[in-house]
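What follows is one structure encoded as structure tokens, with my remarks underneath.
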Number of protein chains: 2
Amino acid sequence: MAQTRPGGRTARTRAAVLEATIDELVESGYAGLSMEAVANRAGVHKATVYRRWGTLDGLLVDALVLFADRSVAMPDTGGIDGDLRQLARSALAVLADRAGQALIRAMVSAGHHSQVAQVVRAFWAEHTTMVAEIVARAVHRGELPAGTRPADISRAIGAPLYMRLLVTAEQLDHEAADQSAAAVAAAARAGVFVTP
Amino acid sequence: MAQTRPGGRTARTRAAVLEATIDELVESGYAGLSMEAVANRAGVHKATVYRRWGTLDGLLVDALVLFADRSVAMPDTGGIDGDLRQLARSALAVLADRAGQALIRAMVSAGHHSQVAQVVRAFWAEHTTMVAEIVARAVHRGELPAGTRPADISRAIGAPLYMRLLVTAEQLDHEAADQSAAAVAAAARAGVFVTP
């Protein structure tokens, strides 16, 4: 790796190229993505982009990594309803954002093979770890039944929002996020997410 | 339209071309779809495909229409839990099928513009109409609160399954479908889907 120092020229090049990748995805989508257009937009040599990222999927993976790093924040409101609402609002913030939408669509278009699948798995593993803490606190407070599966809660919170973005093209608003949180809370209290 | 008679040569050509479109999508995805490959696989003239469907999105739209026609079936088990479970199992059948998966991925890749968006809207409108009957019966039986929104139930049932297919690449099995049905039932009973 040609990393010189944090915040140095190499880091600035990476930021510029990934920013350009996201802008190109917003404008043209995954099918229209090209190394040339990304290099031009970032104002760097095409050879630099090829040397460092190799392929379009290499670019997409690095952009997803950068984006995922920014988008996970642990809620701790003192109650399961507030925590779930905040989780849903965090997901909404990503899914209502043009860059987030472009990256998620690209991730789906790229399909679930190779490097992309690895980044996606790592993101959801980290999300589950965070939700596990939230669930543990809720079980401790007597709000949720013991044995509630964090992975199920993690997926259920985002599912209706991803559905609106990717499938039905319906509005992504606070009402949708809060409804998702309330639905998960009701189902979790009813024991739907307990290990059978 | 050059439709001669139902089940005649034109209908057979349509079936062959749409079958070939789906097979090509399964093999190469939306990014790899070409009119030439579809025509070759269907054993028809390229000119026929261009004349009748015009563009790749024209082909995709017609394949989606044909597929959607086959995949909606009204459950009536006598109880809301059974009806929701059957709805979720129907969605699972589509999403676990290679052709269904290829079409749904292509729909997402094509984006939500023009003709594709129209077919998607029509499908979900029809799905909501069906769910409205299920909800009306459940309200009548006293299982669900009055004012429960059919559109919300319609989306919520499929959401965790689409999430598994498109986002997390997790297994699509009966357990996932039944959990989705149980979660929607609990949330609906708690009044989460009632018009505010």
TODO: Take the alpha carbon gyration tensor of the range B:1-123, find the square roots of its eigenvalues, order them as a ≥ b ≥ c, and report rounded if a/c is under 1.5; if not, report prolate when a/b exceeds b/c, else oblate.
DONE: prolate
Task: Relative contact order, percent, chain B [alpha-carbon distance under 8 Å, six or more residues apart] - done: 22 percent
Open item on the list: Within a 10 angstrom radius of the beta carbon, how do A:LEU18, A:LEU66 rank from fewest other beta carbons to most?
Closed with: A:LEU66, A:LEU18
Task: For the protein assembly as shown: rounded, prolate or oblate by the Cα gyration tensor [a/c cutoff 1.5] - done: oblate
Task: Other protein chain Cβ atoms within 10 Å, averaged over every residue that makes up A:179-188 - done: 6
Open item on the list: Taking a point 7 Å out from Cα toward Cβ as the label site, list the nm distances between B:ARG70 and the same residue in every other copy, smallest first.
Closed with: 4.3
Open item on the list: Within a 10 angstrom radius of the beta carbon, how do A:THR13, B:THR10 rank from fewest other beta carbons to most?
Closed with: B:THR10, A:THR13
Open item on the list: For a quick check: sort B:THR128, B:THR148 by the number of other beta carbons within 10 angstrom, fewest at the front.
Closed with: B:THR128, B:THR148
Task: Copy-to-copy label separations for B:SER34, where each label sits 7 Å from Cα toward Cβ, in nm and ascending - done: 1.7
- [ ] For A:HIS45, go 7 angstrom from Cα along the Cα-to-Cβ vector, then report the distances to that same point in the other copies in nm, smallest first.
- [x] 5.3
TODO: Just tell me how shielded A:167-178 is by partners: mean number of partner chain Cβ atoms within 10 Å of each residue's Cβ, no decimals.
DONE: 4
- [ ] Specify the inter-centroid distance of the range B:122-170 and the range B:46-113, based on alpha-carbon positions, in whole Å.
- [x] 16 Å
TODO: Kindly provide the helix-only [θ] at 222 nm of the protein assembly as shown, computed as the sum of -39,500 (n - 2.57) over DSSP H runs of four or more divided by all residues, to the nearest 500 deg cm²/dmol?
DONE: -23000 deg cm²/dmol
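Every number here is computed from the coordinates shown, using simple stated rules; none is lab data. Since the structure is predicted, the reported quantities are computational estimates derived from the model, not experimental observations. Note that we place each Cβ from the backbone using ideal geometry, even for glycine, and neighbour counts take in every protein chain shown.
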